[in-house]
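As structure tokens, the structure follows; a few thoughts come after it.
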Ligand SMILES: Nc1ncnc2c1ncn2[C@@H]1O[C@H](COP(=O)(O)OP(=O)(O)OP(=O)(O)O)[C@@H](O)[C@H]1O
Ligand SMILES: [Mg+2]
């Protein structure tokens with residue numbers, strides 16, 4: 001492939017002179033992206049599966065459940081790519097206790113949930129910020145709001161030269177643009193989001209993700225924010241009206257290929273190879289999300305029927321059941337809060353759900369017991385346990 005995707009400029013970092021990469025503005029030119037050949041069926045399959053996922057979101061009675069779980073699953077997986085050792089269970093347990101996280105790994109995942117909710121909310125509001133560097137920077141501030149992110153200039157575009165991979169600049173996998181070029185390059189980046197284009201939106205999402213990683217606008221968190229950008233762009237172009245598509249599991253499972261493909265765009269101009277990988281990922285992940293949504297729907301329905309069939313079912317136990325998908329792990333104290341009821345009523349509601357085998361106790365503690373909505377969490381936990 002004869003295409004070049006950028007130029008090089010001499011930059012200095014840690015006393016070393018290095019060639020920093022300056023990507024050309026999107027879309028790729030000379031030649032333009034070839035959407036025929038291998039990409040055609042992949043694009044068709046990815047578009048269709050995203051469409052089905054959007055419909056699956058329409059069909060379920062309470063989409064908040066799914067969104068709640070999917071957002072948290074994504075947060076955990078995205079942070080695990082970075083090496084964060086928190087599982088979905090850790091996150092839910094902290095949230096279920098209603099206490100502030102003490103573990104920095106869990107805190108980091110909470111930052112991701114916060115960043116996603118924040119940006120998603122803006123895109124849905126008439127007076128919200130448009131999808132822009134300003135919005136991304138505000139999301140970044142939330143993403144890195146924990147103890148670990150504090151030294152990494154949360155919310156600010158970097159002012160120093162950095163490099164990715166390798167032990168020193170000289171053997172880095174990528175040396176992104178020097179900071180004085182970022183202003184202009186990030187304006188180009190925003191323009192690529194908002195300009196008219198004849199390219200299909202899913203393809204543009206794939207291009208923009210790579211461009212974001214190549215520019216590496218922040219000192220840290222570029223991977224997580226770039227994955228969040230994928231979700232935001234799907235909303236921006238109206239492909240998904242709920243945050244249900246997440247690539248992190250796919251990228252975590254294919255991390256080596258992911259990095260290699262990113263590098264090949266820069267070094268060989270291979271945008272098509274990246275797009276094939278990306279669209280395959282979108283299709284796989286969307287198909288899995290549809291399957292998970294269906295399974296959760298069936299599980300909730302079956303559990304509800306068992307509960308309704310019992311004679312000792314109380315109003316509080318029914319209300320608690322309906323809230324469980326948003327609180328799949330909780331303590332009796334938390335039950336009192338969300339149902340706004342007395343301790344005996346909360347205790348009884350929990351006991352009924354336990355007797356119905358909807359929740360089970362976690363751990364040994366007798367006071368302020370923790371219970372878990374197991375059936376519901378099982379399909380969601382897939383891939384989020386460490387080592388998975
Ligand atoms: N060779 C490469 N070329 C371009 N981008 C790369 C390359 N290798 C890694 N990256 C990108 O850089 C990201 C890591 O950057 P950074 O540490 O700022 O982000 P993070 O969110 O803290 O980490 P992570 O993505 O590991 O969770 C990777 O996720 C990937 O998207
Ligand atoms: Mg990092």
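Every number here is computed from the coordinates shown, using simple stated rules; none is lab data. Please read all numbers here as calculations on a predicted model, not as lab measurements. Here Cβ is always computed from backbone atoms with ideal geometry, including for glycine, and neighbour counts include all displayed protein chains.
Taking segment 332-354 and a reference point 7 angstrom along Cα→Cβ of residue 311, the backbone N atoms nearer than 19 Å belong to 349, 351-354.
Kindly give Rg over Rh for segment 139-186, based on alpha-carbon atoms, with the Kirkwood expression for the hydrodynamic radius. Before the final figure, lay out the partial values.
Numbers: Rg = 12.5 Å, Rh = 12.2 Å.
Across segment 139-186, the Cα-based Rg/Rh ratio is 1.03.
Placing one equal scatterer on every Cα of segment 262-383 and applying the Debye formula, the log10 ratio I(q)/I(0) at q = 0.15, 0.16 Å⁻¹ is -0.71, -0.77.
The value for segment 214-263 of Rg(Cα) / (2.2 N^0.38 Å) is 1.24.
Normalised by the residues of the chain, what does the relative contact order come to in percent, with Cα pairs under 8 Å and at least six apart? Please report the intermediate quantities before stating the final value.
Values: 535 pairs, mean separation 91.4, N = 388.
It rounds to 24 percent for the chain.
Look at the alpha carbon pairs under 8 Å that are at least 6 residues apart: their mean separation over the length of segment 310-381 gives a relative contact order of 35 percent. Seen against the Cα atoms of the chain and their longest principal axis, helix 222-236 is set at about 80 degrees.
Give me Rg/Rg_expected for segment 83-147, where Rg uses Cα atoms only and Rg_expected = 2.2 N^0.38 Å with N residues. Numbers along the way, then the final one.
On the way: Rg = 13.3 Å, N = 65, 2.2 N^0.38 = 10.7 Å.
Working it through for segment 83-147, the quotient is 1.23.
In bins 10 Å wide, starting from 0, what share of all Cα pairs of segment 310-381 does each bin hold, as a percent? For segment 310-381, the pair-distance distribution reads 21, 59, 19, 1. Helix 271-308 axis versus longest C-alpha principal axis of the chain: approximately 10°, rounded to the nearest ten.
How tilted is helix 255-268 with respect to the longest principal axis of the chain? Cα atoms for both, answer in degrees (0 to 90, nearest 10). Orientation of helix 255-268: about 20 degrees from the principal axis.
For the peptides 159-171, 312-324, 217-229, the ranking by mean Cβ contacts within 10 Å, running from highest to lowest, is 217-229, 312-324, 159-171.
Students often check this: by mean Cβ neighbours within 10 Å, which of 361-373, 246-258 ranks highest, and how do the rest follow? Display every interim value, and only then the final one.
Values: 361-373: 14.4, 246-258: 18.6.
Highest-to-lowest ranking by the protection proxy: 246-258, 361-373.
When Rg and Dmax are taken over the Cα atoms of segment 184-242, they come to 11.3, 33 Å.
Just order 42-51, 106-115, 147-156 by mean Cβ neighbour count inside 10 Å, highest at the front, would you?
Output ranking for 42-51, 106-115, 147-156: 106-115, 42-51, 147-156.
Between residue 355 and residue 97, take the C-beta separation as r, use R0 = 30 Å, and let me know the FRET efficiency to the nearest 0.05. Calculated value: 0.80.
For segment 45-166, what number results from the quotient of the Cα radius of gyration and 2.2 N^0.38 Å? Intermediate values should be presented prior to the final figure.
Numbers: Rg = 16.4 Å, N = 122, 2.2 N^0.38 = 13.7 Å.
Segment 45-166 yields a ratio of 1.20.
Can you give me the distance in nm between label points at residue 188 and residue 10, each placed 7 Å from the Cα along the Cα-to-Cβ direction? Result: 2.1 nm between the two label points. Evaluated at q = 0.10, 0.11, 0.15, 0.16 Å⁻¹, the base-10 log of the normalised Debye intensity for segment 6-291, with identical point scatterers placed on the Cα atoms, takes the values -0.52, -0.63, -1.23, -1.41.
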